[in-house]
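S.K.: Here it is, the structure in full.
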Amino acid sequence: MACALGSIATGSPACFGHSVNSASVFRHRQGTSRSVLARCTSRKWSTNEVYRLSACSENVCPLFLNFWHWTEQQLQRSWLTVKNRQQKLGLKVQSEKPLQHTLDSFSSFDGEGVGRAITGNLGSSSVVGNIKLTDSVRGDVRASATTIGEPSLSPHANIDDLTPSTTPFLTITVLGATGDLATSKIFPALFALYYSGHLPENVAIFGYSRSPLSDEDLRNLISERLTCRVDHAEECGNKTDAFLKRVFYQRGVYNTCDHMETLDSRMLELEGNGPANRVFYLSVPKECLLEVTNCLSASAKSKTGWTRLIVEKPFGDDADSSDKITRGLYQAGFSEDQIYRIDHLLGKELIENLTVLRFSNLVFEPLWSRTYIKNVQFIYSEDWGVCPGKERYFDEQGVIRDLVQSHMLQTIALFAMEPPVTLEGEDIRNEKVKVLRSMRAPTYADVVLGQYKASISKDGKSKIPGYLDEPDVRTNSLTPTFVATVLYIDNSRWDGVPFLVKAGKGLIKHSVEIRIQFRQVPGNLYRERFGYNLDAAANELVLRVQPDEAINLKVNNKVPGLGLQLDSSELNLLYRDKYDGEVPDSYERLILDVIDGDTHLFLRGDELAATWEILTPLLEEIENLKVAPELYTFGGRGPIGAYYLGAQHGVKWADD
């Protein structure tokens, strides 16, 4: 049996045993009646209705018709998806004319274009309509396609032109949406990313928590915290409104999956049938974490794109509990490349700049070893007490788990690692974990613990409560609010160099910085000018993370004038003076890294295990001995014992 394309286009009831409807197969218009395929025939090759295309023009017809029908369905489905999405997000619905133009252009393929579209651009696709594309079929089509039909208007058509180019839909869900972290940090960071163009227009943001709120209630709750940057203040109101239209709320509990299924349904309504990626930010109580991840895996994973989890601290209380969480995440169906354990300190500008400073400046890289560096100090001091609402959490965790386990150890690992093979996340994390595995576990003899006590305000008019006076803190609690310790890395680069850590609350000033103190100049010609304290003449590099990001280099120079008088001065790169614009918040950087799939600032499972292997023996020793922390006055410099600890290792705390 044979049939002409003209008869198909005018509604012939059948072609090769397949019913063909002119309205559904071709949008045939006057002026395109020239034959695309002059004549076509087919024969059955096997009982499962696989057609074999012989090396002649007649046999391409069934494959082309099925391919065309499949393509039209895909284009129509994509168009409806885009249209529905635009309507739900309040965007202007685009015209359908580009879709019609694509369909009309495709109906004018010549034989060569058909063959190339079918065999060259379907990649590994094995079925078009109900035609199986075997290797022999592909070869036959290539051999016969150039002999088919008359020249057309689109001799070089490509299948890529037939599919609408749309960015995958992105849905970000914040679980624990009404908590302080979400309202004060996460939602403002998402707005800043949206405002600066780092989130796609086809994005939806869901809040999920147990509070009885509506979409509008959540929008009102977070709108008070949204601010536009000074350097991007144009159209702030319009951008804010556009962002809030993309914010939705789903009420639900954390211990059952029913509401997760509802959340999934609502996300699907916005995502449509196209590709869609999902990020879940888990700002939930630690006891709910594994239940939530199990439900997300069962009910809310993306089926057409990737799914990623952002997991907040704490990452366990010790090695065993941390391992249980990690195994629970894996058993829930999430792989390591889907899990992003977030630490906001690692998103700070100077921490990100740490590797740039070292690996892109010849003046520093050769000095980065025991040969030239005498000691390194990592200082994290806060001039406030425990944050309101966090008292119970902190009393359970203490300063070592809260600040040292992730903040400090991760920063040390970034500082001390060997040059990675590339800047890819896995290569950087491979080097970080080597540092952690080489780190000597400290004992109680290497640690000073402190706890702030009540004091009087600077104006003398009010009393500042001590730690034991804070609400929800246990009576006679031994939880430390200050720790000073020394760590050693037993490898060839850092052997013998003390890495001193000092972290605490209620201290004299707020400061987060890394101080690298270099060794004295051997045989210093000017030693008589410095007197007995040659350490005062040592060079020092300071990376100030907070406040007022800066890089300072301490050098010695001559004081202008007659005679020879030396002085130590600072070469100061203050970010606010050098660079225009505000420094992005760390949550902005880290959330954007999750969307981009950049893992280098997040803890991998083996890194996490290594940090707990370092600290768990120390924590157990402190708890078994029931060590009473040394008391220090709120607003002071911390326990006296910290100075003795530094002296034992030949180090003076440089921040004093």
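The values are calculated or read from the model by the stated rules, or taken from the named source; none is laboratory data. On a predicted model such as this, the values are computed, not experimentally measured, just so you know. No Cβ is skipped: glycine too gets one built from the backbone with ideal geometry, and neighbour counts run over all protein chains shown.
S.K.: For the range 553-576, does any single residue satisfy the condition of being free of Cβ contacts under 8 Å to residues at least 24 places away in the same chain and either buried (at least 17 other Cβ atoms within 10 Å of the Cβ) or under 27 Å from PRO168 (Cβ atoms) (or both)?
M.R.: Yes, because at least one residue in the range 553-576 is free of Cβ contacts under 8 Å to residues at least 24 places away in the same chain and either buried (at least 17 other Cβ atoms within 10 Å of the Cβ) or under 27 Å from PRO168 (Cβ atoms) (or both).
S.K.: Restricting attention to the range 428-445, report how many residues are part of a loop (DSSP other than H, G, I, E, B) and of a type outside the set (A, V, I, L, M, F, W, C).
M.R.: Counting residues in the range 428-445 that are part of a loop (DSSP other than H, G, I, E, B) and of a type outside the set (A, V, I, L, M, F, W, C) gives 3.
S.K.: Right, next: Could you say whether any residue in the range 341-353 is of a type in the set (A, V, I, L, M, F, W, C), out of contact with any helix residue (DSSP H, G or I) (no Cβ under 9 Å at 6 or more places or on another chain) and outside the structural domain of ALA276 (by TED's automatic domain parsing)?
M.R.: Within the range 341-353, not a single residue is of a type in the set (A, V, I, L, M, F, W, C), out of contact with any helix residue (DSSP H, G or I) (no Cβ under 9 Å at 6 or more places or on another chain) and outside the structural domain of ALA276 (by TED's automatic domain parsing).
S.K.: Follow-up. Condition first: under 14 Å from ALA537 (Cβ atoms) and assigned to a loop (DSSP other than H, G, I, E, B). Now tell me which residues in the range 565-580 satisfy that.
M.R.: GLN565
S.K.: Among the residues in the range 487-495, are any out of contact with any Lys or Arg (no Cβ under 9 Å at 6 or more places or on another chain) and not aromatic (Phe, Trp, Tyr)?
M.R.: So far as the range 487-495 goes, no, none of its residues is out of contact with any Lys or Arg (no Cβ under 9 Å at 6 or more places or on another chain) and not aromatic (Phe, Trp, Tyr).
S.K.: What are the residues in the range 265-301 that are closer than 15 Å to GLY252 by Cα and charged (D, E, K, R), if any?
M.R.: The answer is ARG266, GLU291.
S.K.: Enumerate the pairs (first residue in the range 413-428 and farther than 17 Å from ARG493 by Cβ; second residue anywhere and among the β-branched types (Val, Ile, Thr) and in a helix (DSSP H, G or I)) with beta-carbon separation below 9 Å, excluding pairs fewer than 6 apart on the same chain, so at least 6 apart or on different chains.
M.R.: THR422/ILE428; LEU423/THR355
S.K.: Can you say whether THR293 is assigned to a loop (DSSP other than H, G, I, E, B), farther than 19 Å from TYR587 by Cα and of a type in the set (Ser, Thr, Tyr), as far as the supplied structure shows?
M.R.: When the stated conditions are applied, THR293 does not pass them.
So that you can scan it fast, the table gives a plain yes or no per residue for (1) in contact with a Phe, Trp or Tyr (Cβ under 6 Å, 6 or more places away or on another chain); (2) buried (at least 16 other Cβ atoms within 10 Å of the Cβ); (3) outside any strand (DSSP E or B):
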{"site": "ILE325", "(1), (2), (3)": "no, yes, yes"}
{"site": "ASN361", "(1), (2), (3)": "no, no, yes"}
{"site": "SER369", "(1), (2), (3)": "no, no, yes"}
{"site": "ASN375", "(1), (2), (3)": "no, yes, no"}
{"site": "GLY385", "(1), (2), (3)": "no, yes, yes"}
{"site": "GLY389", "(1), (2), (3)": "no, no, yes"}
{"site": "GLY398", "(1), (2), (3)": "no, yes, yes"}
{"site": "GLU418", "(1), (2), (3)": "no, no, yes"}
{"site": "GLU426", "(1), (2), (3)": "no, no, yes"}
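S.K.: Testing LYS303 on (1) buried (at least 16 other Cβ atoms within 10 Å of the Cβ); (2) modelled with pLDDT under 95, one condition comes back false. Which one is that?
M.R.: It is condition (1) that LYS303 fails.
S.K.: What do you reckon, is LEU449 of a type in the set (A, V, I, L, M) and touching a Ser or Thr at 6+ places or on another chain (Cβ under 6 Å)?
M.R.: no
S.K.: Scan the range 257-276 and tell me whether some residue there is modelled with pLDDT of 90 or more, within 17 Å of VAL594 (Cβ to Cβ) and touching a Ser or Thr at 6+ places or on another chain (Cβ under 8 Å).
M.R.: For the range 257-276, residues modelled with pLDDT of 90 or more, within 17 Å of VAL594 (Cβ to Cβ) and touching a Ser or Thr at 6+ places or on another chain (Cβ under 8 Å): present.
S.K.: Considering every residue within the range 514-523, establish whether at least one is surrounded by 13 or more Cβ atoms within 10 Å (Cβ to Cβ), among the aromatic types (Phe, Trp, Tyr) and either touching a Lys or Arg at 6+ places or on another chain (Cβ under 7 Å) or outside any strand (DSSP E or B) (or both).
M.R.: Taking every residue of the range 514-523 in turn, at least one turns out to be surrounded by 13 or more Cβ atoms within 10 Å (Cβ to Cβ), among the aromatic types (Phe, Trp, Tyr) and either touching a Lys or Arg at 6+ places or on another chain (Cβ under 7 Å) or outside any strand (DSSP E or B) (or both).
S.K.: Which one of these is among the aliphatic types (A, V, I, L, M), outside the structural domain of ASN430 (by TED's automatic domain parsing), surrounded by 14 or more Cβ atoms within 10 Å (Cβ to Cβ) and on the phi < 0 side of the Ramachandran plot: LEU608, LEU590, LEU631, LEU619?
M.R.: Among LEU608, LEU590, LEU631, LEU619, only LEU590 is among the aliphatic types (A, V, I, L, M), outside the structural domain of ASN430 (by TED's automatic domain parsing), surrounded by 14 or more Cβ atoms within 10 Å (Cβ to Cβ) and on the phi < 0 side of the Ramachandran plot.
Table: residues versus (1) closer than 30 Å to SER360 by Cβ; (2) acidic (Asp, Glu).
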{"site": "THR411", "(1), (2)": "yes, no"}
{"site": "LEU414", "(1), (2)": "yes, no"}
{"site": "GLY425", "(1), (2)": "yes, no"}
{"site": "GLU431", "(1), (2)": "yes, yes"}
{"site": "ALA454", "(1), (2)": "no, no"}
{"site": "TYR467", "(1), (2)": "no, no"}
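S.K.: Has the range 532-540 got any residue that is touching a residue at least 40 places away in the same chain (Cβ under 8 Å), in the same structural domain as SER381 (by TED's automatic domain parsing) and under 30 Å from TYR444 (Cα atoms)? First the steps, then the outcome.
M.R.: Step one: of the range 532-540, the residues touching a residue at least 40 places away in the same chain (Cβ under 8 Å) are 535, 538, 540.
Imposing the further condition that a residue be in the same structural domain as SER381 (by TED's automatic domain parsing) reduces the set to 535, 538, 540.
If we keep only those that are under 30 Å from TYR444 (Cα atoms) as well, we get 535, 540.
Scanning the range 532-540, I find at least one residue that is touching a residue at least 40 places away in the same chain (Cβ under 8 Å), in the same structural domain as SER381 (by TED's automatic domain parsing) and under 30 Å from TYR444 (Cα atoms), so the answer is yes.
S.K.: I'd like to verify a number: residues in the range 267-310 that are more than 22 Å from ASP215 (Cβ to Cβ) and among the acidic types (Asp, Glu), how many?
M.R.: Counting residues in the range 267-310 that are more than 22 Å from ASP215 (Cβ to Cβ) and among the acidic types (Asp, Glu) gives 2.
S.K.: Could you count how many residues in the range 250-285 are under 20 Å from the mean Cα position of the chain (by Cα) and either surrounded by fewer than 18 Cβ atoms within 10 Å (Cβ to Cβ) or not hydroxyl-bearing (Ser, Thr, Tyr) (or both)?
M.R.: 8
S.K.: Please count how many residues of the range 176-203 are more than 17 Å from the chain's Cα centre (by Cα) and closer than 13 Å to LEU244 by Cβ.
M.R.: Residues that pass the stated criteria total 1.
S.K.: Could I ask something else about it? Which members of the range 335-345 meet the condition of being of a type outside the set (Lys, Arg) and at pLDDT 90 or above?
M.R.: Scanning the range 335-345 gives SER335, GLU336, ASP337, GLN338, ILE339, TYR340, ILE342, ASP343, HIS344.
S.K.: Right, here's the next one. Polar (S, T, N, Q), modelled with pLDDT of 90 or more and in the same structural domain as LYS432 (by TED's automatic domain parsing): which single residue out of GLN546, GLN517 fits that description?
M.R.: Working: GLN546 fails: modelled with pLDDT of 90 or more.
Of the residues listed, the single one that is polar (S, T, N, Q), modelled with pLDDT of 90 or more and in the same structural domain as LYS432 (by TED's automatic domain parsing) is GLN517.
S.K.: Among SER369, SER360, SER381, which is the only one that is modelled with pLDDT of 90 or more and touching a Gly at 6+ places or on another chain (Cβ under 7 Å)?
M.R.: SER381
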